[in-house]
1. Working from Cα positions, state the angle (0 to 90°, nearest 10) between the long axis of helix 2-23 and the longest principal axis of the chain.
2. Please compute the contact order of the range 27-137 in relative form: average sequence separation of alpha-carbon pairs under 8 Å and at least six residues apart, divided by the residue count, as a percent.
3. Determine the order of 150, 165 by accessible area, beginning with the largest, at a probe radius of 1.4 Å.
4. Enter the accessible area of residue 184 (Å², nearest 10), with the probe set to 1.4 Å and all protein chains included.
5. With 12 Å as the cut-off, how large is the P(r) tail for the range 44-89, expressed as percent of Cα-Cα pairs?
6. Nearest 10 degrees is fine. How inclined is helix 109-134 to the longest principal axis of the chain, computing both from alpha carbons?
7. Test of understanding: express the Cα radius of gyration of the range 1-92 as a ratio to 2.2 N^0.38 Å, with N the residue count.
8. For the chain, compute Rg over Rh where Rg is the Cα radius of gyration and Rh is the Kirkwood radius from the inverse mean 1/r over Cα pairs.
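The values are calculated or read from the model by the stated rules, or taken from the named source; none is laboratory data. Please read these numbers as outputs of a predicted model, since none were measured by experiment. Cβ placement follows ideal geometry from the backbone for every residue including glycine, while neighbour counts extend to all protein chains displayed. These accessible areas exclude ligands, DNA and RNA; they are computed on the full protein's heavy atoms, side chains included. Shrake-Rupley method; radii C 1.70, N 1.55, O 1.52, S 1.80 Å.
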Amino acid sequence: MRSKNLYGNVEAAIAAVIAFLISMVPLQIGPSFGIQLSLVAIYIVAFRRGVRVGVMAGFLFGLLQLITGFGQILSPLQGFIEYIFAFLFAGLAGLYAVQTQTAVEEKDNKQLLFAIGKGTFIAIITEYFIHFLAGVAFWGQYAPEGMGPWVYSGIMNSGSALATWIATYAVAFILIRTNKKLVIANQ
């Protein structure tokens, strides 16, 4: 059991570093809209090892963005909420780890498509809900004149969430379908 936890912890750290490296590729359109393709690394480790390891990878990824200065920080509380807390939820894709692994082992691409879709959707919705709340509280001051912070945050975060979900869902599905070892752990 200790060996399995060690492998999971190491894989979480590796996934966080890979996610951080991917996040350096600019996929930002304007000041408030972007696609976080880096989440694919977190999703894959979550599908491979489950929620605990996925959450740890998300935490480490957010921490890396904070300590390296790649995060957009308005205040310490906003930094904590959007980088430490929100990215934890990317690991919730691991709720569908068993279904994803079963679909891979049974070579059931339809079930694999659904399992990855559900896992990534839950992860995106929960993460972006946190970003939405932070957008209202911290970023609302940048809303165009006449637009309230709730509407501004809703528009910006829902667009980014949808674009990120579609992109990460597609990439994760293609990667897992073409390389089944990504989610089937030997240890």
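1. Tilt of helix 2-23: around 40 degrees.
2. Contact order relative to length: 28 percent.
3. On the way: 150 155, 165 55 Å².
In descending accessible area the options line up as 150, 165.
4. Counting only protein heavy atoms, the figure is 50 Å².
5. Tail fraction, whole percent: 57.
6. So the inclination is approximately 30 degrees.
7. It is 1.07.
8. Using Cα coordinates only, the ratio equals 1.00.
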